[in-house]
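Engineer: Take this structure first; my questions come after.
The values are calculated or read from the model by the stated rules, or taken from the named source; none is laboratory data. Worth saying up front: this structure is predicted, and the values here are computed from it rather than measured. Backbone-built Cβ (ideal geometry, glycine too); neighbour counts: all protein chains shown. Heads up: the accessible areas ignore ligands, DNA and RNA and are worked out on the full protein's heavy atoms, side chains in. Shrake-Rupley method; radii C 1.70, N 1.55, O 1.52, S 1.80 Å.
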Amino acid sequence: GKSGSKIQSTPTKAGGDRYIPNRSTMQMEMANFLLTKENDPAEESPTKKEQQKAWAVNLNGFDIEEAKILRLSGKPQNAPEGYQNNLKVLYSQKMTPGSSRKNGRYIPSMPDRILDAPEIRNDYYLNLIDWSSQNFLAVALDNSVYLWNHTSGEIIQLLQMEHPDDYVSSVSWIKEGNYLAVGTSNAEVQLWDIQQQKRLRNMTSHSSRVGSLSWNSYILSSGARTGHIHHHDVRVAEHHVATLAGHTQEVCGLKWSLDGRYLASGGNDNLVNIWPCTQGDSGDFVPVQTFTQHQGAVKAVAWCPWQSNVLATGGGTSDRHIRIWNVCSGTCLSTVDAHSQVCSILWSTNYKEFISGHGFAQNQLVVWKYPTMAKVTELRGHTARVLNLTMSPDGVTVASAAADETLRLWRCFEMDPIKKKEKEKANSAKTSIIHQGIR
């Protein structure tokens, strides 16, 4: 080299500019074995693979092979069904599709009780059962009315018609449950005191049988075969205070809304009328809405407990449809084909659901989700058409009366114990506020 240039020499210090590992301490044989095993085409026996998988699942809660996060090829793996990792971000969460998601509650397919209902009239247009807030079930069997105490199981014969050819055509409890209204085939509306088991009064204003009844405080509304609806003020001697003439045939469905603003009536003329609680300027009652879409008699009418302006109606054999209405706007919110005669509809107070009772051909009860109108379940057992439905005061049990001369009690709206406690707490808080206000 040239004079003055520095000559590079090997540094005298130990440890140079790169690290050379001491290979003597490594398990070269083990590494070589693993490498050759990985490249070995021979597969493990299925039994051994299953055994290893079982160990992995037991130890880790999932199969390691299935749950690898990084892969050289293929799609990212979903977590095994039902597996929940604390580090959820590491997995793409697998959503259970709505169709396969299990219903959260058990609905018994068999009735809780079956009661005999001998000589119950097989007449679609009559309303023969009603359940009171005091837990008495009133049942009209031909010319008699019986009360069944659901708490004690005691049965009382409340009345029997004087003339053998007359029969009871409707029953309805006042909200407080101490008075029962009874409509008869000879055009009477009777009022009975349950404590005394005595008839308080006999109201005669109709000219034909009274097949439907509904209470709004002290006003009792009755629908007759003529198509007329009468309002009775049960407090005064001149009880007949108004006549509603909106149907040309028998009124078979009649129900006041829970807030007392509207009366819904369904008739054999296929009409649904919505009546206001007050008279118009002319002094006459005129329907605020008339729905004409049903193609059969409308007996099933029911107001939604949580939406005061929503009404459900069901049509007879030539219609077979359930329709949901907004009575303020007059629009039909939804329609479902029930494929059989609809005799009755009840809304659940414990769930966002309603139940319908049917005739030919299945004679079943159907629980529906609202507002999706999806079927929750079908309850079968009656061997002839269902005539009427009514609900227990706690909203858990539905009683169905059918032409097979039986009453069946279905526990289809049983509440979850935690929700039940919460509801009871909310109700007790409401009543305590009311009492404080009164004081």
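Engineer: Name, by its number, the condition in (1) touching a Leu at 6+ places or on another chain (Cβ under 9 Å); (2) on the phi < 0 side of the Ramachandran plot that does not hold for Gln197.
Structural biologist: For Gln197, the failing item is (2).
Engineer: Could you check Gly357 against (1) in a loop (DSSP other than H, G, I, E, B); (2) among the small types (Gly, Ala, Ser); (3) open to solvent by less than 10 Å² (accessible area, probe 1.4 Å) and say which number it fails?
Structural biologist: Here Gly357 clears every test but (1).
Engineer: Being within 21 Å of Ala224 (Cα to Cα), more than 26 Å from the chain's Cα centre (by Cα) and in contact (Cβ under 8 Å) with a residue 24 or more places away in the chain narrows it down to one of Phe285, Phe291, so name that one.
Structural biologist: Criteria check complete, one pass: Phe285.
Engineer: Would you please list the contacts, defined by Cβ atoms under 8 Å and residues six or more apart or on different chains, that run from a residue in region 103-120 that is under 21 Å from Asp416 (Cα atoms) and among the basic types (Lys, Arg) to a residue that is part of a loop (DSSP other than H, G, I, E, B) and at pLDDT below 95?
Structural biologist: As it stands, the answer is Arg105/Glu414; Arg105/Asp416, since those pairs meet every condition given.
Engineer: Which residue is farthest from Thr184 (Cα to Cα), if the candidates are limited to region 121-148 and must be over 25 Å from the mean Cα position of the chain (by Cα) and polar (S, T, N, Q)?
Structural biologist: Residue satisfying both the conditions and the ranking: Asn122.
Engineer: How many of the residues in region 378-396 are farther than 19 Å from Leu115 by Cα and either open to solvent by less than 40 Å² (accessible area, probe 1.4 Å) or within 8 Å of the chain's Cα centre (by Cα) (or both)?
Structural biologist: Total meeting the criteria: 1.
Engineer: Further, regarding this structure: So Gln160 passes all but one of these: (1) polar (S, T, N, Q); (2) in contact (Cβ under 8 Å) with a residue 40 or more places away in the chain; (3) open to solvent by 30 Å² or more (accessible area, probe 1.4 Å). Which condition number does it fail?
Structural biologist: All conditions are met except number (2).
Engineer: Scan region 181-200 and give yes if some residue there is touching a residue at least 40 places away in the same chain (Cβ under 8 Å), more than 22 Å from Ala264 (Cβ to Cβ) and surrounded by 23 or more Cβ atoms within 10 Å (Cβ to Cβ), otherwise no.
Structural biologist: For region 181-200, residues touching a residue at least 40 places away in the same chain (Cβ under 8 Å), more than 22 Å from Ala264 (Cβ to Cβ) and surrounded by 23 or more Cβ atoms within 10 Å (Cβ to Cβ): absent.
Engineer: Further question: Suppose the filter is in a loop (DSSP other than H, G, I, E, B) and either touching a Lys or Arg at 6+ places or on another chain (Cβ under 9 Å) or more than 20 Å from Val342 (Cβ to Cβ) (or both); does Val286 pass it?
Structural biologist: Yes.
Engineer: Mind checking which residues of region 296-346 are assigned to a loop (DSSP other than H, G, I, E, B), under 16 Å from Gly359 (Cα atoms), of a type outside the set (Lys, Arg) and open to solvent by 20 Å² or more (accessible area, probe 1.4 Å)?
Structural biologist: Listed by number, the residues that qualify are Thr317, Ser318, His339.
Engineer: Restricting attention to region 204-221, does a residue exist that is among the small types (Gly, Ala, Ser), open to solvent by 20 Å² or more (accessible area, probe 1.4 Å) and under 19 Å from Asp130 (Cβ atoms)?
Structural biologist: Scanning region 204-221 turns up at least one residue that is among the small types (Gly, Ala, Ser), open to solvent by 20 Å² or more (accessible area, probe 1.4 Å) and under 19 Å from Asp130 (Cβ atoms).
Engineer: I'd like the residue in region 397-420 that is open to solvent by less than 10 Å² (accessible area, probe 1.4 Å) and either assigned to a loop (DSSP other than H, G, I, E, B) or among the β-branched types (Val, Ile, Thr) (or both) and, out of all such residues, is nearest to Asp123 (Cα to Cα).
Structural biologist: Selected residue: Val398.
Engineer: Regarding Gly227, is this residue touching a residue at least 40 places away in the same chain (Cβ under 8 Å) and under 21 Å from Gly283 (Cβ atoms)?
Structural biologist: yes
Engineer: If only one of Thr383, Thr372, Thr349 is assigned to a loop (DSSP other than H, G, I, E, B) and without any contact (Cβ under 8 Å) to a residue 12 or more places away in the chain, which one is it?
Structural biologist: Thr372
Conditions tested, residue by residue: (1) of a type in the set (Gly, Ala, Ser); (2) in contact with a helix residue (DSSP H, G or I) (Cβ under 6 Å, 6 or more places away or on another chain); (3) modelled with pLDDT of 95 or more.
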residue: Thr278; (1), (2), (3): no, no, no
residue: Val286; (1), (2), (3): no, no, no
residue: Ala312; (1), (2), (3): yes, no, yes
residue: Thr331; (1), (2), (3): no, no, yes
residue: Phe354; (1), (2), (3): no, no, yes
